[in-house]
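Student: Mind having a look at this structure? Questions to follow.
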Amino acid sequence: MASDNKIRIGIIGAGNIGRVHAAEFSNLADQCEITAITDAYLPLAQERAKEFGITNVAVSPEELIARSDVDAVIVGVPNQFHAPLAIQALAAGKHVLLEKPMGINSDAARQILKASQASDKVVMVGHQMRWESVPMQIKEQVERGELGKIYTAKTGWFRRKGIPGWGTWFTKMNEAGGGPLIDIGVHMLDLALYLMGNPKPVSVYGATYAEFGPKRKGIGTWGKPNWDGTYDVEDLATALIKMEDGSTLSLEVSWAVHMDTDNTPFVHLMGSEGGASYRGGNGKLLTEKFDRPIETALTKADNDEGERRRLSRHFLECIRDGKQPITSALTGYTNNLILDAIYESSRTGNEVKLNWDIK
Ligand SMILES: NC(=O)c1ccc[n+]([C@@H]2O[C@H](COP(=O)([O-])OP(=O)(O)OC[C@H]3O[C@@H](n4cnc5c(N)ncnc54)[C@H](O)[C@@H]3O)[C@@H](O)[C@H]2O)c1
(Lines give C-alpha, C1' and ligand atoms only; values in the text may rest on other atoms or scores of the structure.)
Protein backbone atom coordinates (compact mmCIF):
# COMPACT_ATOMS: atom_id res chain seq x y z
CA MET A 1 0.00 0.00 0.00
CA ALA A 2 1.21 3.52 -0.76
CA SER A 3 2.12 5.90 2.10
CA ASP A 4 -1.25 7.66 1.59
CA ASN A 5 -2.96 4.26 2.16
CA LYS A 6 -4.10 4.03 -1.43
CA ILE A 7 -4.12 0.57 -2.95
CA ARG A 8 -1.88 0.49 -6.02
CA ILE A 9 -3.32 -1.41 -8.96
CA GLY A 10 -1.73 -2.95 -12.04
CA ILE A 11 -3.90 -4.00 -15.00
CA ILE A 12 -2.99 -6.94 -17.25
CA GLY A 13 -5.01 -6.75 -20.46
CA ALA A 14 -5.99 -3.44 -22.06
CA GLY A 15 -8.87 -4.79 -24.20
CA ASN A 16 -12.60 -4.42 -23.55
CA ILE A 17 -12.72 -5.41 -19.91
CA GLY A 18 -9.31 -3.92 -19.07
CA ARG A 19 -10.71 -0.58 -20.19
CA VAL A 20 -13.86 -1.01 -18.08
CA HIS A 21 -11.76 -1.73 -14.97
CA ALA A 22 -9.44 1.20 -15.73
CA ALA A 23 -12.47 3.51 -15.89
CA GLU A 24 -14.07 2.14 -12.70
CA PHE A 25 -10.94 2.21 -10.54
CA SER A 26 -10.01 5.66 -11.89
CA ASN A 27 -13.31 6.81 -10.41
CA LEU A 28 -12.25 5.59 -6.97
CA ALA A 29 -9.14 7.76 -6.86
CA ASP A 30 -9.67 8.49 -3.16
CA GLN A 31 -9.00 4.80 -2.39
CA CYS A 32 -6.67 3.56 -5.11
CA GLU A 33 -4.29 4.45 -7.88
CA ILE A 34 -3.66 2.56 -11.13
CA THR A 35 0.14 2.55 -11.23
CA ALA A 36 0.82 0.27 -14.23
CA ILE A 37 -0.80 -1.43 -17.21
CA THR A 38 0.34 -3.99 -19.77
CA ASP A 39 -0.99 -5.88 -22.76
CA ALA A 40 0.45 -8.48 -25.15
CA TYR A 41 -0.11 -5.73 -27.75
CA LEU A 42 1.84 -2.88 -26.18
CA PRO A 43 0.43 -0.02 -28.31
CA LEU A 44 -2.99 -0.79 -26.79
CA ALA A 45 -1.53 -0.60 -23.28
CA GLN A 46 0.08 2.72 -24.22
CA GLU A 47 -3.24 4.02 -25.55
CA ARG A 48 -5.06 3.06 -22.32
CA ALA A 49 -2.25 4.56 -20.22
CA LYS A 50 -2.75 7.86 -22.03
CA GLU A 51 -6.54 7.64 -21.74
CA PHE A 52 -6.51 7.09 -17.97
CA GLY A 53 -3.28 8.90 -17.00
CA ILE A 54 -1.48 5.70 -15.97
CA THR A 55 2.22 6.48 -15.52
CA ASN A 56 3.81 3.11 -16.23
CA VAL A 57 3.40 0.71 -19.16
CA ALA A 58 5.05 -2.61 -18.28
CA VAL A 59 6.45 -4.58 -21.20
CA SER A 60 5.08 -7.89 -19.89
CA PRO A 61 2.76 -9.32 -17.20
CA GLU A 62 5.90 -10.60 -15.42
CA GLU A 63 7.34 -7.09 -15.23
CA LEU A 64 4.04 -5.65 -14.00
CA ILE A 65 3.63 -8.34 -11.32
CA ALA A 66 7.21 -7.77 -10.09
CA ARG A 67 6.74 -4.02 -9.61
CA SER A 68 6.99 -2.90 -6.00
CA ASP A 69 4.40 -0.16 -6.63
CA VAL A 70 1.69 -2.73 -7.50
CA ASP A 71 -0.32 -4.19 -4.58
CA ALA A 72 -3.18 -5.70 -6.59
CA VAL A 73 -3.37 -7.10 -10.09
CA ILE A 74 -6.41 -7.15 -12.37
CA VAL A 75 -6.34 -9.98 -14.91
CA GLY A 76 -8.46 -9.17 -17.99
CA VAL A 77 -7.02 -11.39 -20.71
CA PRO A 78 -8.30 -14.45 -22.63
CA ASN A 79 -9.39 -17.32 -20.35
CA GLN A 80 -6.38 -19.60 -20.98
CA PHE A 81 -4.09 -17.09 -19.23
CA HIS A 82 -6.23 -16.55 -16.10
CA ALA A 83 -4.69 -19.34 -14.01
CA PRO A 84 -1.00 -18.83 -14.89
CA LEU A 85 -1.19 -15.08 -14.30
CA ALA A 86 -3.29 -15.28 -11.13
CA ILE A 87 -0.96 -17.90 -9.61
CA GLN A 88 2.10 -15.87 -10.56
CA ALA A 89 0.60 -12.74 -9.00
CA LEU A 90 -0.30 -14.56 -5.76
CA ALA A 91 3.20 -16.03 -5.55
CA ALA A 92 4.56 -12.48 -5.77
CA GLY A 93 2.30 -11.43 -2.86
CA LYS A 94 -0.27 -9.49 -4.90
CA HIS A 95 -4.05 -9.42 -4.49
CA VAL A 96 -5.91 -10.56 -7.61
CA LEU A 97 -9.13 -9.51 -9.32
CA LEU A 98 -9.65 -12.11 -11.98
CA GLU A 99 -12.09 -11.88 -14.84
CA LYS A 100 -14.64 -14.63 -15.38
CA PRO A 101 -14.55 -17.57 -15.89
CA MET A 102 -12.07 -18.00 -13.04
CA GLY A 103 -10.26 -20.77 -14.95
CA ILE A 104 -10.41 -22.02 -18.52
CA ASN A 105 -11.50 -25.34 -16.96
CA SER A 106 -11.84 -26.90 -13.51
CA ASP A 107 -8.21 -28.08 -13.40
CA ALA A 108 -7.01 -24.51 -13.92
CA ALA A 109 -9.56 -23.24 -11.39
CA ARG A 110 -8.43 -25.85 -8.83
CA GLN A 111 -4.84 -24.57 -9.17
CA ILE A 112 -6.06 -21.02 -8.49
CA LEU A 113 -8.13 -22.18 -5.50
CA LYS A 114 -5.12 -23.99 -4.01
CA ALA A 115 -2.84 -20.99 -4.57
CA SER A 116 -5.46 -18.78 -2.98
CA GLN A 117 -5.80 -21.07 0.06
CA ALA A 118 -2.01 -21.04 0.51
CA SER A 119 -1.94 -17.23 0.42
CA ASP A 120 -3.24 -14.45 2.66
CA LYS A 121 -4.07 -12.29 -0.36
CA VAL A 122 -7.52 -11.56 -1.80
CA VAL A 123 -8.68 -13.48 -4.87
CA MET A 124 -11.90 -12.20 -6.35
CA VAL A 125 -13.73 -13.10 -9.57
CA GLY A 126 -15.37 -10.36 -11.65
CA HIS A 127 -19.03 -11.41 -11.55
CA GLN A 128 -20.50 -7.91 -11.57
CA MET A 129 -24.12 -9.13 -11.84
CA ARG A 130 -24.08 -9.93 -8.12
CA TRP A 131 -23.76 -6.18 -7.52
CA GLU A 132 -26.66 -5.19 -9.77
CA SER A 133 -29.34 -3.40 -7.80
CA VAL A 134 -32.25 -5.83 -8.44
CA PRO A 135 -30.30 -9.03 -7.68
CA MET A 136 -29.10 -7.33 -4.46
CA GLN A 137 -32.72 -6.63 -3.49
CA ILE A 138 -33.67 -10.23 -4.30
CA LYS A 139 -30.75 -11.55 -2.24
CA GLU A 140 -31.98 -9.50 0.73
CA GLN A 141 -35.46 -11.06 0.46
CA VAL A 142 -33.97 -14.56 0.19
CA GLU A 143 -31.82 -13.97 3.28
CA ARG A 144 -34.87 -12.74 5.22
CA GLY A 145 -36.58 -16.02 4.36
CA GLU A 146 -39.38 -14.32 2.39
CA LEU A 147 -39.24 -16.96 -0.36
CA GLY A 148 -39.27 -19.93 2.02
CA LYS A 149 -37.38 -22.91 0.69
CA ILE A 150 -36.12 -22.34 -2.85
CA TYR A 151 -36.74 -25.74 -4.39
CA THR A 152 -36.01 -24.94 -8.01
CA ALA A 153 -34.61 -22.13 -10.14
CA LYS A 154 -34.26 -21.34 -13.80
CA THR A 155 -31.58 -19.14 -15.32
CA GLY A 156 -30.27 -18.34 -18.74
CA TRP A 157 -29.58 -15.91 -21.51
CA PHE A 158 -30.66 -16.56 -25.07
CA ARG A 159 -28.94 -14.39 -27.63
CA ARG A 160 -30.69 -14.66 -31.00
CA LYS A 161 -27.69 -13.62 -33.13
CA GLY A 162 -24.77 -12.79 -30.90
CA ILE A 163 -21.65 -14.85 -31.61
CA PRO A 164 -18.79 -12.57 -30.50
CA GLY A 165 -15.55 -12.25 -32.49
CA TRP A 166 -15.92 -15.29 -34.78
CA GLY A 167 -12.49 -16.92 -35.19
CA THR A 168 -10.83 -14.83 -32.43
CA TRP A 169 -9.98 -16.29 -29.00
CA PHE A 170 -13.69 -16.19 -28.07
CA THR A 171 -14.58 -19.07 -30.41
CA LYS A 172 -11.44 -21.20 -29.91
CA MET A 173 -11.71 -24.04 -27.42
CA ASN A 174 -8.02 -23.93 -26.47
CA GLU A 175 -8.12 -20.20 -25.65
CA ALA A 176 -11.64 -19.71 -24.27
CA GLY A 177 -12.53 -23.18 -22.96
CA GLY A 178 -16.01 -23.07 -24.48
CA GLY A 179 -18.66 -20.88 -26.11
CA PRO A 180 -21.71 -19.14 -24.58
CA LEU A 181 -21.69 -21.50 -21.61
CA ILE A 182 -18.32 -20.26 -20.39
CA ASP A 183 -18.84 -16.71 -21.66
CA ILE A 184 -22.33 -15.68 -20.49
CA GLY A 185 -23.52 -18.94 -18.89
CA VAL A 186 -20.93 -18.61 -16.13
CA HIS A 187 -22.41 -15.23 -15.12
CA MET A 188 -25.91 -16.71 -14.92
CA LEU A 189 -24.76 -19.83 -13.08
CA ASP A 190 -22.84 -17.70 -10.59
CA LEU A 191 -25.76 -15.35 -10.00
CA ALA A 192 -28.38 -18.10 -9.69
CA LEU A 193 -26.34 -20.17 -7.20
CA TYR A 194 -25.66 -17.04 -5.13
CA LEU A 195 -29.32 -16.02 -5.05
CA MET A 196 -30.35 -19.59 -4.18
CA GLY A 197 -28.08 -19.32 -1.11
CA ASN A 198 -25.08 -21.26 -2.44
CA PRO A 199 -26.51 -24.80 -2.13
CA LYS A 200 -23.91 -27.52 -2.75
CA PRO A 201 -24.18 -28.85 -6.34
CA VAL A 202 -23.80 -32.63 -6.57
CA SER A 203 -24.64 -33.69 -10.12
CA VAL A 204 -25.16 -32.33 -13.59
CA TYR A 205 -26.90 -33.40 -16.78
CA GLY A 206 -26.22 -31.27 -19.84
CA ALA A 207 -26.10 -31.02 -23.60
CA THR A 208 -24.36 -28.56 -25.92
CA TYR A 209 -24.92 -27.85 -29.61
CA ALA A 210 -23.14 -25.99 -32.44
CA GLU A 211 -25.68 -25.38 -35.21
CA PHE A 212 -24.67 -21.81 -36.16
CA GLY A 213 -20.99 -21.06 -35.48
CA PRO A 214 -19.42 -23.72 -37.72
CA LYS A 215 -21.65 -22.47 -40.59
CA ARG A 216 -20.57 -18.85 -39.95
CA LYS A 217 -24.13 -17.95 -39.00
CA GLY A 218 -25.43 -16.23 -35.89
CA ILE A 219 -22.65 -13.61 -35.87
CA GLY A 220 -23.20 -10.66 -33.51
CA THR A 221 -21.75 -7.18 -33.42
CA TRP A 222 -19.43 -7.72 -30.42
CA GLY A 223 -15.77 -8.07 -31.58
CA LYS A 224 -14.52 -8.18 -35.15
CA PRO A 225 -14.54 -11.62 -36.84
CA ASN A 226 -11.28 -13.22 -37.91
CA TRP A 227 -12.26 -15.38 -40.89
CA ASP A 228 -8.81 -17.06 -40.85
CA GLY A 229 -9.55 -18.33 -37.34
CA THR A 230 -11.58 -21.29 -36.11
CA TYR A 231 -14.90 -22.00 -34.43
CA ASP A 232 -14.80 -25.15 -32.33
CA VAL A 233 -17.04 -24.27 -29.36
CA GLU A 234 -20.80 -24.68 -28.75
CA ASP A 235 -23.38 -22.02 -29.59
CA LEU A 236 -26.12 -23.31 -27.25
CA ALA A 237 -26.06 -25.21 -23.98
CA THR A 238 -28.73 -26.61 -21.70
CA ALA A 239 -28.25 -28.23 -18.29
CA LEU A 240 -29.93 -29.38 -15.10
CA ILE A 241 -27.89 -29.07 -11.90
CA LYS A 242 -28.94 -31.00 -8.79
CA MET A 243 -28.06 -29.86 -5.27
CA GLU A 244 -27.36 -31.78 -2.09
CA ASP A 245 -30.52 -30.32 -0.48
CA GLY A 246 -32.71 -31.67 -3.32
CA SER A 247 -33.15 -28.34 -5.12
CA THR A 248 -32.45 -27.99 -8.84
CA LEU A 249 -31.26 -25.31 -11.22
CA SER A 250 -31.85 -25.28 -14.95
CA LEU A 251 -29.39 -23.29 -17.06
CA GLU A 252 -29.88 -22.46 -20.74
CA VAL A 253 -27.73 -20.15 -22.84
CA SER A 254 -27.09 -19.37 -26.46
CA TRP A 255 -25.03 -17.07 -28.59
CA ALA A 256 -27.32 -17.85 -31.52
CA VAL A 257 -30.73 -19.53 -31.79
CA HIS A 258 -33.90 -19.44 -33.87
CA MET A 259 -36.19 -18.42 -31.03
CA ASP A 260 -38.40 -15.54 -30.01
CA THR A 261 -36.06 -14.14 -27.38
CA ASP A 262 -35.64 -10.69 -25.85
CA ASN A 263 -31.86 -11.30 -25.51
CA THR A 264 -31.90 -10.55 -21.80
CA PRO A 265 -30.36 -12.50 -18.92
CA PHE A 266 -32.86 -14.01 -16.47
CA VAL A 267 -33.05 -15.78 -13.12
CA HIS A 268 -36.31 -17.15 -11.68
CA LEU A 269 -36.27 -18.42 -8.11
CA MET A 270 -39.18 -20.60 -7.09
CA GLY A 271 -39.67 -20.88 -3.33
CA SER A 272 -42.28 -22.50 -1.09
CA GLU A 273 -43.51 -19.10 0.15
CA GLY A 274 -42.68 -16.87 -2.78
CA GLY A 275 -40.70 -16.40 -5.95
CA ALA A 276 -38.42 -13.81 -7.48
CA SER A 277 -37.79 -13.05 -11.12
CA TYR A 278 -34.86 -11.06 -12.45
CA ARG A 279 -34.88 -10.08 -16.09
CA GLY A 280 -32.29 -7.79 -17.63
CA GLY A 281 -31.92 -5.28 -14.81
CA ASN A 282 -35.54 -5.37 -13.56
CA GLY A 283 -37.34 -7.82 -11.34
CA LYS A 284 -40.43 -8.93 -9.44
CA LEU A 285 -41.23 -10.61 -6.17
CA LEU A 286 -44.15 -13.01 -6.42
CA THR A 287 -46.34 -14.60 -3.79
CA GLU A 288 -49.94 -15.53 -2.98
CA LYS A 289 -51.99 -13.86 -0.23
CA PHE A 290 -55.67 -14.33 0.62
CA ASP A 291 -56.06 -16.55 -2.45
CA ARG A 292 -54.72 -13.83 -4.76
CA PRO A 293 -51.43 -13.70 -6.70
CA ILE A 294 -49.34 -10.74 -5.52
CA GLU A 295 -46.50 -9.17 -7.52
CA THR A 296 -44.11 -6.45 -6.41
CA ALA A 297 -41.93 -4.75 -9.01
CA LEU A 298 -38.23 -4.24 -8.29
CA THR A 299 -36.28 -1.54 -10.09
CA LYS A 300 -32.99 0.22 -9.62
CA ALA A 301 -32.78 3.79 -8.36
CA ASP A 302 -32.26 6.56 -10.95
CA ASN A 303 -29.02 7.59 -9.29
CA ASP A 304 -27.70 4.02 -8.92
CA GLU A 305 -23.89 4.11 -9.12
CA GLY A 306 -23.86 0.77 -10.94
CA GLU A 307 -22.74 -2.78 -10.32
CA ARG A 308 -19.20 -2.37 -11.58
CA ARG A 309 -18.51 0.50 -9.18
CA ARG A 310 -19.82 -1.59 -6.27
CA LEU A 311 -17.71 -4.56 -7.42
CA SER A 312 -14.60 -2.36 -7.48
CA ARG A 313 -15.38 -0.96 -4.02
CA HIS A 314 -15.85 -4.51 -2.69
CA PHE A 315 -12.43 -5.56 -4.00
CA LEU A 316 -10.72 -2.60 -2.33
CA GLU A 317 -12.67 -3.13 0.90
CA CYS A 318 -11.68 -6.83 1.02
CA ILE A 319 -8.01 -5.88 0.62
CA ARG A 320 -8.21 -3.19 3.30
CA ASP A 321 -10.19 -5.28 5.80
CA GLY A 322 -8.65 -8.70 5.01
CA LYS A 323 -12.12 -10.01 4.09
CA GLN A 324 -13.08 -12.91 1.81
CA PRO A 325 -14.86 -11.51 -1.29
CA ILE A 326 -18.39 -12.76 -2.00
CA THR A 327 -17.14 -13.91 -5.41
CA SER A 328 -14.30 -15.94 -3.94
CA ALA A 329 -11.95 -18.51 -5.46
CA LEU A 330 -14.26 -21.22 -4.04
CA THR A 331 -17.35 -19.90 -5.82
CA GLY A 332 -15.25 -19.48 -8.99
CA TYR A 333 -14.13 -23.09 -8.69
CA THR A 334 -17.70 -24.27 -8.13
CA ASN A 335 -18.75 -22.60 -11.39
CA ASN A 336 -15.84 -24.20 -13.31
CA LEU A 337 -16.61 -27.62 -11.84
CA ILE A 338 -20.20 -27.39 -13.06
CA LEU A 339 -19.24 -26.06 -16.51
CA ASP A 340 -16.79 -28.95 -17.01
CA ALA A 341 -19.47 -31.41 -15.93
CA ILE A 342 -21.94 -29.98 -18.47
CA TYR A 343 -19.39 -30.48 -21.26
CA GLU A 344 -18.60 -33.98 -20.00
CA SER A 345 -22.27 -34.91 -19.75
CA SER A 346 -22.83 -33.65 -23.28
CA ARG A 347 -19.92 -35.79 -24.54
CA THR A 348 -20.92 -38.97 -22.69
CA GLY A 349 -24.69 -38.63 -22.60
CA ASN A 350 -24.64 -39.40 -18.88
CA GLU A 351 -25.29 -37.54 -15.67
CA VAL A 352 -22.00 -36.44 -14.08
CA LYS A 353 -21.46 -36.59 -10.31
CA LEU A 354 -19.29 -33.70 -9.13
CA ASN A 355 -15.98 -34.60 -7.53
CA TRP A 356 -15.28 -32.06 -4.78
CA ASP A 357 -11.87 -33.49 -3.90
CA ILE A 358 -9.49 -30.58 -4.49
CA LYS A 359 -6.24 -32.46 -3.88
N1 LIG B 1 -17.25 -9.40 -16.56
C2 LIG B 1 -17.62 -9.09 -17.78
O3 LIG B 1 -18.70 -8.58 -18.00
C4 LIG B 1 -16.69 -9.34 -18.91
C5 LIG B 1 -16.91 -8.69 -20.14
C6 LIG B 1 -16.02 -8.94 -21.18
C7 LIG B 1 -14.95 -9.80 -21.00
N8 LIG B 1 -14.78 -10.43 -19.81
C9 LIG B 1 -13.65 -11.35 -19.61
O10 LIG B 1 -12.45 -10.58 -19.67
C11 LIG B 1 -11.43 -11.32 -20.34
C12 LIG B 1 -10.92 -10.52 -21.53
O13 LIG B 1 -12.00 -10.28 -22.41
P14 LIG B 1 -12.04 -8.98 -23.34
O15 LIG B 1 -13.42 -8.89 -23.89
O16 LIG B 1 -11.44 -7.82 -22.64
O17 LIG B 1 -11.06 -9.48 -24.51
P18 LIG B 1 -10.22 -8.58 -25.51
O19 LIG B 1 -9.83 -9.50 -26.60
O20 LIG B 1 -10.96 -7.31 -25.82
O21 LIG B 1 -8.94 -8.14 -24.66
C22 LIG B 1 -8.01 -9.06 -24.20
C23 LIG B 1 -6.65 -8.37 -24.22
O24 LIG B 1 -5.70 -9.25 -23.62
C25 LIG B 1 -4.46 -9.12 -24.35
N26 LIG B 1 -3.71 -10.34 -24.07
C27 LIG B 1 -3.88 -11.57 -24.58
N28 LIG B 1 -3.02 -12.43 -24.01
C29 LIG B 1 -2.30 -11.72 -23.11
C30 LIG B 1 -1.26 -12.06 -22.20
N31 LIG B 1 -0.81 -13.31 -22.08
N32 LIG B 1 -0.71 -11.06 -21.45
C33 LIG B 1 -1.15 -9.80 -21.56
N34 LIG B 1 -2.14 -9.43 -22.41
C35 LIG B 1 -2.72 -10.38 -23.15
C36 LIG B 1 -4.89 -8.95 -25.78
O37 LIG B 1 -3.86 -8.32 -26.55
C38 LIG B 1 -6.14 -8.07 -25.64
O39 LIG B 1 -5.85 -6.69 -25.75
C40 LIG B 1 -12.03 -12.66 -20.68
O41 LIG B 1 -11.71 -13.60 -19.70
C42 LIG B 1 -13.54 -12.40 -20.68
O43 LIG B 1 -14.30 -13.55 -20.37
C44 LIG B 1 -15.61 -10.18 -18.76
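The values are calculated or read from the model by the stated rules, or taken from the named source; none is laboratory data. Note that the structure is a prediction, hence the values are computed from the model and not measured. Ideal geometry is used to build each Cβ from the backbone, glycine not excepted, and the neighbour counts take in all protein chains shown. All accessible areas refer to the heavy atoms of the entire protein, side chains included, with ligands and DNA or RNA removed. Shrake-Rupley method; radii C 1.70, N 1.55, O 1.52, S 1.80 Å.
Student: With every protein chain present, what accessible area does Lys289 have (1.4 Å probe, heavy atoms only), rounded to the nearest 10 Å²?
Tutor: 110 Å²
Student: Just tell me which aspartates and glutamates come within less than 14 Å, Cα to Cα, of Lys149; anything on the same chain fewer than 8 places away is out.
Tutor: Glu244, Asp245, Glu273
Student: With every protein chain left in place, what is the accessible area per residue of the chain in square angstrom, probe 1.4 Å?
Tutor: 45 Å²
Student: If packing is taken as the average number of other Cβ atoms within 10 Å across a peptide's residues, how do 343-354, 236-247 rank, most packed first?
Tutor: Final packing ranking: 236-247, 343-354.
Student: Bins of 10 Å, beginning at zero and ending with the bin holding the largest distance: percent of Cα pairs per bin for the chain, please.
Tutor: Once binned at 10 Å, the Cα pair distances of the chain give 5, 24, 33, 26, 10, 1, 0.
Student: Around Asp71, which amide H atoms from residues at least 5 apart in sequence, or from another chain, sit under 5 Å from its own amide H, with H modelled in the peptide plane?
Tutor: Arg8, Ile9, Gly10
Student: Per residue of region 231-243, what does 6.51 cos²θ - 1.76 cosθ + 1.60 with θ = phi - 60° give for ³J(HN,Hα)? Whole Hz please, x for Gly and Pro, Karplus curve as stated.
Tutor: Karplus values, whole Hz, x for Gly and Pro: 10, 10, 10, 6, 10, 8, 9, 9, 7, 10, 10, 9, 9.
Student: I want the local charge near Thr334. Using Cβ-Cβ distances under 9 Å, sum +1 for each Lys or Arg and -1 for each Asp or Glu among the other residues. Spell out each step's value before the answer.
Tutor: Working: positive: Lys200; negative: Asp190.
Net of charged neighbours comes to 0.
Student: Express the carbon and sulfur contribution to the solvent-accessible surface of the chain as a percent, rounded to the nearest whole number, probe 1.4 angstrom.
Tutor: Solvent-exposed carbon and sulfur of the chain make up 49 percent of the total.
Student: Would you calculate, for the chain, the mean residue ellipticity at 222 nm contributed by helices, counting each DSSP H stretch of 4 or more residues as -39,500 (n - 2.57) and dividing by all residues, to the nearest 500?
Tutor: When only DSSP H runs of four or more count, the value is -9500 deg cm²/dmol.
Student: How do 272-278, 153-159, 216-222 rank on mean C-beta neighbours within 10 Å, highest first? Let's see the in-between values first.
Tutor: On the way: 272-278: 19.6, 153-159: 23.0, 216-222: 15.3.
By packing density, highest mean first, the sequence is 153-159, 272-278, 216-222.
Student: Going by alpha carbons, how many degrees (0 to 90, nearest 10) lie between the helix axis of 82-91 and the longest principal axis of the chain?
Tutor: 50 degrees
Student: Considering amide H positions built from the backbone, and no H for Pro or chain starts, which residues 5 or more places from Asp245, or on another chain, come under 5 Å of its amide H?
Tutor: Residues meeting the amide H criterion: Lys200.
Student: What fraction of the DSSP beta bridges in the chain is antiparallel, stated in percent and rounded to the nearest 5?
Tutor: 60 percent
Student: Among the listed pairs Lys100/Lys224; Lys114/Lys172; Lys50/Lys114; Lys154/Lys289, which are separated by more than 29 Å between their Cα atoms?
Tutor: Beyond 29 Å between Cα atoms: Lys50/Lys114.
Student: Of Leu285, Trp227, Ala256, which is farthest along the charge dipole of region 226-290 in the positive direction, counting Lys and Arg as +1 and Asp and Glu as -1 at C-beta?
Tutor: Of Leu285, Trp227, Ala256, it is Leu285.
Student: In degrees between 0 and 90, to the nearest 10, how far off the longest principal axis of the chain does helix 133-143 point, with axes built from Cα atoms?
Tutor: 60 degrees
Student: While we're on this one: Calculate one ³J(HN,Hα) per residue across region 162-174 by plugging θ = phi - 60° into the Karplus curve 6.51 cos²θ - 1.76 cosθ + 1.60, and present them in order as whole Hz with x for glycine and proline.
Tutor: x, 5, x, x, 3, x, 8, 4, 4, 10, 10, 4, 6
Student: Please compute the contact order of the chain in relative form: average sequence separation of alpha-carbon pairs under 8 Å and at least six residues apart, divided by the residue count, as a percent.
Tutor: Normalised by residue count, the contact order of the chain is 19 percent.
Student: Which of Gly13, Thr171, Leu193 sits closest to the plus end of the dipole of the chain, meaning its Cα is farthest towards the positive end, when Lys and Arg get +1 and Asp and Glu get -1 on the C-beta?
Tutor: Thr171
Student: Something else now. Going by alpha carbons, how many degrees (0 to 90, nearest 10) lie between the helix axis of 106-117 and the longest principal axis of the chain?
Tutor: In the chain, helix 106-117 runs at an angle near 60 degrees to the longest axis.
Student: Sort out for me the Cα centre separation of region 16-48 from region 63-126, rounded to whole Å.
Tutor: So the separation of the two Cα centres works out to 17 Å.
Student: Can you list residues whose amide H is under 5 Å from Leu98's amide H, if they're 5+ apart or on another chain and H is modeled 1.01 Å from N?
Tutor: Those qualifying (amide H under 5 Å, at least 5 residues apart or on another chain) are Val75, Met124, Val125, Gly126.
Student: Additional query: Treat region 231-341 as a sphere of radius equal to its Kirkwood radius over Cα pairs and apply Stokes-Einstein at 4 °C in a medium of 1.567 mPa s; give the translational diffusion coefficient in µm²/s, rounded to a whole number. Please report the intermediate quantities before stating the final value.
Tutor: Working: Rh = 17.8 Å.
Here the translational diffusion coefficient equals 73 µm²/s.
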